[in-house]
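The values are calculated or read from the model by the stated rules, or taken from the named source; none is laboratory data. As the structure is a computational prediction, the values presented were derived from the model and not from experiment. Cβ coordinates were reconstructed from backbone atoms using ideal geometry, including for glycine residues, and neighbour counts include every protein chain displayed.
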Amino acid sequence: MLHRRPARMPATLLALGVALCMASCGDGSDVTPRWLLDPSAPLPQWLSEAGVYADLAALEPAGAWVSYVPPHGLYSNRADKDRLLWLPPETRIATADEAWVFPVGTVLIKTFAYRHVEGRFGDVAVETRVIRRQPDGWQYGVYHWDAAGRQARLADARWPESRFLLEDVNGSDFEYVIPGELDCEACHETHTQAPVIGLGPTNLDPALLERAELFTTPPTTTALPARDAVEEKAMSYIVGNCVHCHHGQRGSDNAAFDLRPEALLTNTVGVPTDSSASGDGIRVVPGDAAASALYEAVVEAWKPDYSGDFKPMPPVGIVTGDHDAAAILSRWIDSLEAP
């Protein structure tokens with residue numbers, strides 16, 4: 001059962017729009033929509049018009065779209081994520097440099113869905129986020145799905161984030177937040193040269209290595225420089241959840257704090273915090289996760305009774321802490337020996 005804020009459009013209007021769009025646009029047609037051929041064209045108002053999914057309800061992608069799964073996952077309040085990539089015909093991703101260059105017209109789609117929601121069978125889509133490269137930069141859009149999981153409408157870009165409750169099969173409510181456009185931009189453009197998250201040399205689906213037609217040159221992946229399996233798991237979590245902001249490139253306060261795998265140990269173990277975005281402490285205290293600022297910000301700061309100085313991390317798109325992160329980071333930090 002979905003518990004939402006008062007609807008922004010009448011249910012009759014939504015039902016009519018769903019019926020019209022499903023009838024005219026959800027037939028798996030091979031016709032490429034204008035917004036894909038013309039990067040300056042507006043985003044479709046209905047996801048069923050976008051040519052992304054051949055079967056919208058089943059989230060079955062249309063033929064031209066490429067599905068991918070980053071090996072280092074992003075935690076999103078336990079949502080499942082369906083990621084798709086579309087490149088304009090006869091274009092490729094330039095992979096010669098560390099910061100890959102995506103051609104104008106590139107579109108990336110990410111649909112968030114939940115399993116085991118009360119009153120529904122299987123996965124229930126909640127939102128679909130879109131980023132598209134235009135001639136003058138990247139465009140962001142968010143589609144809100146209806147409660148039946150049959151259709152999604154483009155949100156007004158001026159709307160702030162939208163919060164509502166979902167109820168699981170155990171009767172427990174949990175809050176979900178659909179971000180506003182500025183939230184999307186805040187994450188993706190912290191690193192202005194690499195705004196695409198989850199598709200790059202440090203986080204590439206191995207299956208895409210076989211898709212040579214997508215790249216100007218065969219892409220190379222960067223192995224995690226971990227010393228053991230425990231450290232590898234911690235690095236994987238940090239790559240998936242932290243590095244897109246904490247990437248070491250100058251330009252913003254937190255970006256100067258480099259958590260990329262090759263710099264992780266040097267910049268955290270025994271190192272005091274020095275950013276205005278954090279409290280005071282030692283980033284990683286070897287052998288003592290509870291005393292480490294990194295653990296406090298990622299794990300402790302999400303707890304309702306937390307009274308410390310650290311901001312919860314990651315700061316955007318998350319409303320509940322990641323229980324897996326607690327185990328992964330504590331095991332790694334507690335395994336470290338003092339220098």
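Just one of the listed residues (T95, T106) is hydroxyl-bearing (S, T, Y) and either in contact with a Leu (Cβ under 7 Å, 6 or more places away or on another chain) or at pLDDT below 85 (or both), and it is T106.
Scanning the range 46-60 for residues that are surrounded by 17 or more Cβ atoms within 10 Å (Cβ to Cβ) and closer than 21 Å to L214 by Cβ yields A50, G51, V52, Y53, A54.
Selection of the range 196-217 for residues being touching a Cys at 6+ places or on another chain (Cβ under 9 Å) and over 12 Å from R83 (Cβ atoms) yields an empty set. Selection of helices (runs of 4 or more DSSP H) fully inside the range 230-339 by the criterion of at least 3 residues being in contact (Cβ under 8 Å) with a residue 40 or more places away in the chain and farther than 22 Å from E175 by Cβ returns 323-335. Being modelled with pLDDT under 95 and charged (D, E, K, R) is not true of E231. The test for being touching a strand residue (DSSP E or B) at 6+ places or on another chain (Cβ under 9 Å), over 30 Å from E175 (Cβ atoms) and of a type in the set (A, V, I, L, M) holds for A64.
Where strands (runs of 3 or more DSSP E) fall entirely within the range 129-168, those with at least 3 residues that are at pLDDT below 80 are at 162-167. Just one of the numbered conditions (1) modelled with pLDDT of 90 or more; (2) aliphatic (A, V, I, L, M); (3) under 25 Å from P206 (Cβ atoms) is not true of V284: (3). Looking at the structure I just gave you, is V196 assigned to a loop (DSSP other than H, G, I, E, B), β-branched (V, I, T) and modelled with pLDDT under 95? Here the answer is yes, as V196 does meet what is asked.
From the list L208, L182, exactly one residue is assigned by TED's automatic domain parsing to the domain that holds P70, of a type outside the set (S, T, Y), at pLDDT 90 or above and outside any strand (DSSP E or B). Which is it?
Just a single option satisfies the conditions, and that option is L208.
Taking the condition among the polar types (S, T, N, Q), over 26 Å from R133 (Cα atoms) and either in contact with a strand residue (DSSP E or B) (Cβ under 6 Å, 6 or more places away or on another chain) or at pLDDT below 95 (or both), does S292 pass? Yes.
Among residues belonging to the range 21-45 that are at pLDDT below 50 and exposed (fewer than 14 other Cβ atoms within 10 Å of the Cβ), point out the one that is nearest to V107 (Cα to Cα). Of everything passing the filter in the range 21-45, G28 is nearest to V107 (Cα to Cα).
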